[in-house]
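> Got a structure for you, questions after.
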Amino acid sequence: FAQSFKDFQEERDTVKEEKKQGIFIFFDMVGCPYCQYMKEKVLNQEIAQEWYQQNFRSIRVDIHGATEVIDFDGTELTESTFSERYGVFSTPTMIFFDTDGNEIYRHLKMIKTPERLIVMGEAVLAKNK
């Protein structure tokens, strides 16, 4: 995941400058075994990291977190409130946003392999061309 202050207005600008396709947010929580599996066996694999780094700005959000977030519209809130705002109540949830900050795809559930994670990302890109 990208080092981020979770200022999504700034992230959106970075994505445009770097000519990436959008922002990928991985919503997780402490104690979620499916999130832990994905972090240990999917998201940390070089093939997935390289593909996502090339195409998206990837950021992790804890659905129970107290870290400050600035939403795409400039609203300041906590990770927890940000998650609620986007209707994320279970983990793992993955949401893709376009370069304007609009949600373009949402996936609920664990993905078991880095290859499947890439296939999902490729499908998102193909759908939104």
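> In this model, which of K16/K39; K6/K112; K19/K39; K20/K127 are farther than 23 Å apart at the alpha-carbon?
Beyond 23 Å: K16/K39; K6/K112; K19/K39.
> Can you compute the helix-only [θ] at 222 nm over the chain? Use -39500 (n - 2.57) per DSSP H run of at least 4 residues, normalise by all residues, nearest 500 deg cm²/dmol.
-11500 deg cm²/dmol
> Helix by helix, which DSSP H runs in the chain go 27 Å or more along their axis at the Cα atoms and have an average Kyte-Doolittle hydropathy of 1.0 or more?
none
> If you take the beta carbon distance between K16 and Y37 as r and set R0 to 30 Å, what does 1/(1 + (r/R0)^6) give as a FRET efficiency, to the nearest 0.05?
0.35
> Dividing the alpha-carbon Rg of segment 1-67 by 2.2 N^0.38 Å yields what?
1.15
> Could you tell me, in Å, what Rg and Dmax come out for the Cα atoms of the chain?
Spelled out, the Cα radius of gyration and Dmax of the chain are 13.5, 37 Å.
> Before I look further, what does segment 34-129 give for accessible area per residue, probe 1.4 Å, in whole square angstrom?
Roughly 55 Å² per residue, with all protein chains present.
> A follow-up question, please. Over the chain, what percent of the accessible surface lies on carbon and sulfur atoms, probe 1.4 Å?
Carbon and sulfur atoms account for 47 percent of the accessible area of the chain.
The values are calculated or read from the model by the stated rules, or taken from the named source; none is laboratory data. Since we're looking at a predicted model, the values are computed, not measured. Glycine also receives a Cβ, built like all others from the backbone with ideal geometry; neighbour counts cover every protein chain displayed. Keep in mind that these areas ignore ligands, DNA and RNA; they rest on the heavy atoms of the full protein, side chains included. Shrake-Rupley method; radii C 1.70, N 1.55, O 1.52, S 1.80 Å.
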